[in-house]
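Here, each number is a calculation from the coordinates, and none is a lab measurement. Everything quoted here is computed from the prediction, not taken from an experiment. Using ideal geometry, Cβ is built from the backbone for each residue, glycine included, and neighbour counts are taken over all protein chains shown.
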Amino acid sequence: MRLHVQARRLEEYADMIDHLDHLVLTTAHEAECIRFYTQALGMRLESFVGGTPPVDRKAFTFGSQKINLHVKGREFEPKAHTPVPGALDLCFIASIPLDAVVERLKAQGVPIVEGPVMRTGATGKIRSVYVRDPDLNLIEISEPVR
């Protein structure tokens, strides 16, 4: 009986999380990081005041998403237990065709690590290229395959 109640309780909360609001990227190379995400990837740089006590912060915005930026050694509290540059593996869905993404990356001098290759994303098949940001995070840029 007890196991049945626990299983039912877990089922009630199975869809508790709706979506990701933001994530935090820790960088050791702030200027290069900003240049990569804004110029190579076309994200917008946002400056804002946040936290307790309030401090000046930066974030990259795109679509309805946000990546908060922390600089190694100057992170904001609370922070991840072990915030380190280069530990992320992120996949972004492009708003333009992947071939245009490849052209833009080449024009910006960003080497492609792998791709284009076929992968499986959160909602189905995607075609992807992989690059590294200035902290060596693995960045996958994809287009849905219809």
- Item | Within a Gaussian network of the chain (alpha carbon springs, distance under 10 Å), most fluctuating of Val113, Val84, Val49 | Val49
- Whether region 19-144 is rounded, prolate or oblate, judged on the alpha carbon gyration tensor where a/c under 1.5 counts as rounded: prolate
- For region 79-146, what does the alpha-carbon gyration tensor say about shape, rounded, prolate or oblate, given a ≥ b ≥ c as the root eigenvalues, a/c under 1.5 as rounded, and a/b over b/c as prolate? oblate
- Message: Skipping prolines and chain starts, which residues have an amide H placed within reach, meaning under 5 Å, of the one on Cys91, given they are 5 or more residues away or on another chain?
- Response: Glu140
- Amide H to amide H under 5 Å from Leu41: which residues, 5+ apart in sequence or cross-chain, H placed 1.01 Å off N in plane? none
- Query: Looking at region 14-98, which trypsin sites (Lys or Arg not before Pro) are DSSP coil and have at most 11 other C-beta atoms within 10 Å of their C-beta?
  - Reply: Arg74, Lys79
- Note on the structure: Between Thr27 and residues 5 or more places away or on another chain, the pairs with built amide H atoms under 5 Å apart involve His70, Val71, Lys72
- Message: Run the simple label-point estimate for Gln108 and His22 please: 7 Å along Cα→C-beta, distance reported in nm.
- Response: 2.0
